[in-house]
Amino acid sequence: MKIMIIEDDLVIASSLQEELLKWQYSAFYVTDFNDVMNTFTQEAPQLVLIDIKLPYFNGYYWCTEIRKISQVPIIFVSSQSERMDIVMAIQMGADDFISKPFDLTVALAKIQALLRRTYDFTGNDIYLSHRQVHLKTSELKVQYQDQEVELTKNEMKILEVLFLQKGAFVSREAIMMKLWENDSFIDDNTLAVNINRLRKKLAEINVTSFIVTKKGFGYGLQKDEHDETK
């Protein structure tokens, strides 16, 4: 699991990273606070820890920007912990709030609890799920009911991005950045070919119309059943 730390205090950022690494999480902290979204798009973390007070733009701003493209879980970690600060964080899209100063053990417990609520864990594997389709990231497989199909690394990366940002459309540039780090040298048809192959593999396990294309916006996942009446 990859965790992104957006924290101006290097001591706190390093302490969080060190503690998370002890628990086998892949943790990293932002160094360019003027380009947070580019880092988020490239790294595609499974959880974000963010402070309110940051250089250039505050945490509320970046939380709102992340929520435009992703439903990844977000925890605010801040010394600005008055009731209105917490309310504002939740209204901006945060899932939880940790007040500074904090105990690393308590912070870790909150992080692990939110990860358990967000993702399905089976043994040591992590399943990302949507509409009864389960993405087995470590096995490079996707499963539906009692059927499963193997994926290439690129196909897995595409589905992982879409699963983590379900409910929103992801631009082709963002997906290509995740796959190849830089979309400048990739043929325009390369991503489309990968998407078509992925759709064919999903059809093999009776998963159809799962990846949706919206012109001008990119790719997304078919709406969840309970969203279709909205």
Reported set for segment 1-23 where residues are buried (at least 18 other Cβ atoms within 10 Å of the Cβ) and either of a type in the set (Phe, Trp, Tyr) or more than 26 Å from ILE69 (Cβ to Cβ) (or both) is ILE12
Scanning segment 68-86 for residues that are under 23 Å from the mean Cα position of the chain (by Cα) and surrounded by fewer than 16 Cβ atoms within 10 Å (Cβ to Cβ) gives LYS68
Within segment 50-64, the count of residues that are within 18 Å of ASP8 (Cα to Cα) and part of a helix (DSSP H, G or I) comes to 5
Answer with yes or no whether THR64 is surrounded by fewer than 20 Cβ atoms within 10 Å (Cβ to Cβ), outside the structural domain of TYR219 (by TED's automatic domain parsing), more than 16 Å from MET92 (Cβ to Cβ) and of a type outside the set (Gly, Ala, Ser). no
Taking segment 99-108 and the residues there that are touching a strand residue (DSSP E or B) at 6+ places or on another chain (Cβ under 9 Å) and free of Cβ contacts under 8 Å to residues at least 40 places away in the same chain, the one that is surrounded by the most Cβ atoms within 10 Å (Cβ to Cβ) would be PHE102
Here the residues within segment 178-203 that are modelled with pLDDT of 75 or more and either of a type outside the set (S, T, N, Q) or not in a helix (DSSP H, G or I) (or both) are LEU191, ALA192, VAL193, ILE195, ARG197, LEU198, ARG199, LYS200, LYS201, LEU202, ALA203
Exception for MET37 within (1) without any contact (Cβ under 8 Å) to a residue 12 or more places away in the chain; (2) touching an Asp or Glu at 6+ places or on another chain (Cβ under 6 Å) falls at (1)
The correct count of residues that are more than 12 Å from the chain's Cα centre (by Cα), over 20 Å from ALA109 (Cα atoms) and in a loop (DSSP other than H, G, I, E, B) in segment 1-47 is 8
When SER26 is run through (1) crowded, with 16+ Cβ neighbours inside 10 Å; (2) hydroxyl-bearing (Ser, Thr, Tyr); (3) out of contact with any Asp or Glu (no Cβ under 7 Å at 6 or more places or on another chain), the failure sits at (1)
Query raised in the report: Would you call ALA89 touching a Cys at 6+ places or on another chain (Cβ under 8 Å), touching a residue at least 24 places away in the same chain (Cβ under 8 Å) and either hydrophobic (A, V, I, L, M, F, W, C) or not in a loop (DSSP other than H, G, I, E, B) (or both)?
Result: yes
Considering segment 57-90, residues that are hydroxyl-bearing (Ser, Thr, Tyr) and modelled with pLDDT under 90, and then whichever is farthest from ASP32 (Cα to Cα), we arrive at SER81
Per the filter on segment 129-151, residues more than 16 Å from ALA203 (Cα to Cα) and surrounded by fewer than 20 Cβ atoms within 10 Å (Cβ to Cβ) are SER129, LYS136, SER138, GLU139, LEU140
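The values are calculated or read from the model by the stated rules, or taken from the named source; none is laboratory data. Bear in mind the structure is a predicted one, so any value in this text is a computation, not a measurement. Glycine also receives a Cβ, built like all others from the backbone with ideal geometry; neighbour counts cover every protein chain displayed.
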